[in-house]
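No lab work stands behind these numbers, since they all come straight from the coordinates. Worth saying up front: this structure is predicted, and the values here are computed from it rather than measured. All Cβ positions, even for glycine, are placed from backbone atoms using ideal geometry, and neighbour counts span all protein chains on display.
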């Protein structure tokens, strides 16, 4: 079974019952979903209070394998910033998510293709 890294907007969209996010998830039936530290941090940063933070943290860490930051992720991140940031603007969290997908050789499922399509070698699901 192929692994797919889920972007923050898919998780938030799913929580808000967004049809586009749920359709993207349904399209990936049979795949194993993972998240990364940057996605976890973005979702948790949007919590409205401590109870929501704790609930989301528990749900995400229980239901998903979390791909870690590694030296390889760091190397991909620096390369993305070097080759993409000047032309496209700085999107640090997106670049960290993309670097994680590249380092772990898995496609990224996102609704925000604009920030990710210019990144060399990144596969979008």
### Query
Given labels modelled 7 Å from the Cα in the Cβ direction, how far is it in nm from residue 111 to residue 78?
3.5
### Query
How big is the gap, in Å, between the Cα center of region 41-71 and the Cα center of region 1-21?
14
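Mind sorting 74, 62 by how few other Cβ atoms lie within 10 Å of their own Cβ, fewest first? Spell out each step's value before the answer.
Numbers: 74 13, 62 7.
Exposure proxy ranking, most exposed first: 62, 74.
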### Task
Kindly identify region 26-85 as rounded, prolate or oblate by the Cα gyration tensor criterion: order the square roots of the eigenvalues as a ≥ b ≥ c, call it rounded if a/c is under 1.5, otherwise compare a/b with b/c, prolate if a/b is larger, else oblate.
oblate
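Using the 10 angstrom Cβ neighbour count as an exposure proxy, how do 2, 42 rank, fewest first? Write down the numbers at each step before the final one.
On the way: 2 10, 42 20.
If I rank by nearby Cβ atoms, fewest first, I get 2, 42.
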### Cα pair count fraction exceeding 19 Å, expressed as % - region 40-125
45
### Among 103, 51, 93: highest mean-square fluctuation, GNM of the chain, C-alpha pairs under 10 Å
51
### Query
How would you rank 123, 17, going from fewest to most other Cβ atoms within 10 Å of each one's own Cβ?
17, 123
